[in-house]
Amino acid sequence: MQQVSIEGAGVGSAPPVRLTPTQMKVMQGVRSGLLNKQIAFDLGIAEKTVKAHMTLLMRKLNVRNRTQVALAAQNLLKTVA
């Protein structure tokens, strides 16, 4: 499984965050304001799978809720683009 490393995800000298391509797509969906059901439909995966990716994203990004994932996505995806 290919992973994407994103520098500057954490505060200070935190290590880069490693995300799979699917986690990146889920994060982009959250940033766009989509519901889990909509993200699942767009990616052709189960809603439960999206929830699992969200849990992993929150853990990897060290955030507690969906809004914080969206904010982190905004910052992270700026650095990738």
Separation in nanometres of the label points that stand 7 Å from Cα toward Cβ, at LEU35 and THR49 | 2.0 nm
Answer with one residue from LEU56, ASN36, GLN23: the one whose Cα lies farthest towards the positive end of the charge dipole of the range 13-59, charges on Cβ with Lys, Arg +1 and Asp, Glu -1.
-> LEU56
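Every read-out reported here was derived from the displayed coordinates using simple, explicitly stated rules and does not represent laboratory data. All figures in this text were calculated on a predicted structure; none of them were measured in a lab. Here the Cβ is made from the backbone with ideal geometry for all residues, glycine too, and neighbour counts use every protein chain on show.
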